[in-house]
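Peer 1: Below is the structure I would like to discuss, written out as structure tokens.
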Amino acid sequence: MTTASQQELDDFRAQVSAWMKDNKPADPGFLLPQTFMEVGSERVLEFLREWQHKIWSAGYLGMAWPKEYGGGGMEPIFQNIVDKEMKRHAVPICFNVIGLSWTGPLINDIGTEEAKKKYLKGILSAEDVWCQGFSEPDHGSDLGSVQCRAERDGDDYVINGTKIWTTMGNYAKYMILLARTGPAEPRKYDGLSFFLAPMHIDGVDPRPIQKMTGEYGFCETFFTDARIPASTLMGKEGNGWKVAMQTLQYERGAEAGAAGGLMAVRTVVSDLIEELRHVKRDGEPVLHDPVVRDRLVQFLMEEKSLSLGERRQAHAALNSDYPWSLALSGKLRASEFAREMRKFAVSVQGAHGSLYVGDEDALAGGFWQRAYFNNFSTTIGGGTSQVQANIVGERVLGLPKD
């Protein structure tokens, strides 16, 4: 519930809209990422770092975070307005997503005063890039089987092991790291610890991985006798699974507290319809095809359902039948909707659907093909769609694990 009047909110929206219009960066002359998982070069990184810093300096990022740590100390509704205006004006993304949406909220909620002072402002200003060290090459989504080890040695922990899909690991200053400090007994989830680990130290080697889109954004990160301060431990030793699950709640959108900002280039059905106006099949506009039109209407209904569900989620009385159902299913529903829509966008192009970025004949410069390929990472990161479906089945519907 906000204490601001509707007039105050309307005036603020107009102010933000004017600022976005006046400050939206010009085309830099190179391909910008659709999500934070495609930041693969120094020039892209610096462009986005400068843009995020500009938004924060204007007071439009971290508006609900405490003032003493670089935030605005305002009601969340003001950040919501900013985020919507960023989408409407189609400005570049805020790239430091792991810091803004996962690490920052975690530190705000359970971090020490020292951690808040040390980390939060740098996350907002884009000075400090964060990455995530959860997944490992041989274990995928099975975080309980983490083998990367952290052994206590005096005032340090010594880290040995490997992490995979470390987004922006080669640029990050810090990593949220899940490592094994004890035996997996009596459950495999036991013996894990959570660290706010520095990356710019000896023994840490992030190696970029080329994606099928041709871009770089992920890394495989190798730890060889890397020493991190024991003070970077988040919570108690051996309590890492609980901290990691809380982090994943932020990642999946089930917990509030994110700093805000535009996290990905949006793809909406109206944009797809506009693009398809230029597509013909057998000499006729593809939009005249009743099957195509029917599918587009289905997408429009699904898109509206997601939007209304997001609004409904904020009102507990509207979720009494299955509490947390919308929060826990949001990531699954949104990523699968985007995947299906983008897949359709490519398939309906016919032979042109095989063209890609850089081909002068590609529809919209190959935007939809690139968006479709990039969407695979969103159906995997934060827990695969299969894992998300299990979460809904167990925690919302009460189904047994077996």
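Peer 1: Could you list, in sequence order, the residues of the stretch 184-197 that are closer than 23 Å to A226 by Cβ and surrounded by fewer than 17 Cβ atoms within 10 Å (Cβ to Cβ)?
Peer 2: Matches in the stretch 184-197: A184 only.
Peer 1: If you don't mind, another one. Out of the residues in the stretch 31-55 that are touching a Phe, Trp or Tyr at 6+ places or on another chain (Cβ under 8 Å) and in a loop (DSSP other than H, G, I, E, B), which is surrounded by the most Cβ atoms within 10 Å (Cβ to Cβ)?
Peer 2: Checking each candidate, the answer is V39.
Peer 1: Within the stretch 208-221, does at least one residue satisfy the condition of being within 17 Å of D156 (Cβ to Cβ) and either aliphatic (A, V, I, L, M) or surrounded by 16 or more Cβ atoms within 10 Å (Cβ to Cβ) (or both)?
Peer 2: Checked the stretch 208-221: no residue is within 17 Å of D156 (Cβ to Cβ) and either aliphatic (A, V, I, L, M) or surrounded by 16 or more Cβ atoms within 10 Å (Cβ to Cβ) (or both).
Peer 1: In the stretch 132-172, which residue that is within 19 Å of the chain's Cα centre (by Cα) and within 16 Å of G203 (Cβ to Cβ) is surrounded by the most Cβ atoms within 10 Å (Cβ to Cβ)?
Peer 2: G133
Peer 1: Still on this structure, please answer the following. Go through the stretch 64-91 and report how many residues are part of a loop (DSSP other than H, G, I, E, B), at pLDDT 95 or above and exposed (fewer than 15 other Cβ atoms within 10 Å of the Cβ).
Peer 2: Selection size over the stretch 64-91: 2.
Peer 1: Still on this structure, please answer the following. Does any residue of the stretch 126-145 turn out to be part of a strand (DSSP E or B) and β-branched (V, I, T)?
Peer 2: no
Peer 1: What residue, of I110, I176, is β-branched (V, I, T), more than 30 Å from M20 (Cα to Cα), outside the structural domain of L233 (by TED's automatic domain parsing) and in contact with a strand residue (DSSP E or B) (Cβ under 9 Å, 6 or more places away or on another chain)?
Peer 2: I110
Peer 1: What number of residues within the stretch 16-46 satisfy the criterion of being under 21 Å from R88 (Cβ atoms) and either of a type in the set (K, R) or touching a residue at least 24 places away in the same chain (Cβ under 8 Å) (or both)?
Peer 2: Qualifying residue count, the stretch 16-46: 13.
Peer 1: Kindly provide the set of residues from the stretch 331-369 that are in a loop (DSSP other than H, G, I, E, B) and free of Cβ contacts under 8 Å to residues at least 40 places away in the same chain, ordered by number.
Peer 2: Result: L355, Y356, G358, D359, E360, D361, A362.
Peer 1: Tell me which residues, restricted to the stretch 271-315, are of a type in the set (G, A, S) and surrounded by 10 or more Cβ atoms within 10 Å (Cβ to Cβ).
Peer 2: S305, S307, G309, A314
Peer 1: Filter the stretch 173-203 down to residues that are on the phi < 0 side of the Ramachandran plot and either under 20 Å from the mean Cα position of the chain (by Cα) or in contact (Cβ under 8 Å) with a residue 40 or more places away in the chain (or both), then give me how many there are.
Peer 2: 21
Peer 1: Mind checking which residues of the stretch 2-24 are within 15 Å of P76 (Cβ to Cβ) and more than 26 Å from the chain's Cα centre (by Cα)?
Peer 2: Matches in the stretch 2-24: T2, T3, A4, E8, L9, F12.
Peer 1: Which of (1) of a type in the set (S, T, N, Q); (2) part of a loop (DSSP other than H, G, I, E, B); (3) over 24 Å from K163 (Cβ atoms) is the odd one out, the single condition N108 does not satisfy?
Peer 2: Going through the list (1) of a type in the set (S, T, N, Q); (2) part of a loop (DSSP other than H, G, I, E, B); (3) over 24 Å from K163 (Cβ atoms), N108 breaks only (2).
Peer 1: Next question, about the same structure. I'm trying to understand the selection: among the residues of the stretch 146-203, which are charged (D, E, K, R), in contact with a Gly (Cβ under 9 Å, 6 or more places away or on another chain) and assigned to a strand (DSSP E or B)?
Peer 2: R149, K163, R180
Peer 1: Okay, moving on. Restricting attention to helices (runs of 4 or more DSSP H) lying wholly within the stretch 232-322, give those where 3 or more residues are of a type outside the set (K, R), over 23 Å from the mean Cα position of the chain (by Cα) and under 27 Å from M37 (Cα atoms).
Peer 2: So the answer is 269-276.
The values are calculated or read from the model by the stated rules, or taken from the named source; none is laboratory data. Keep in mind that this is a model prediction, so the values were computed, not measured. Neighbour counts run over all protein chains shown; Cβ positions are idealised from the backbone, glycine included.
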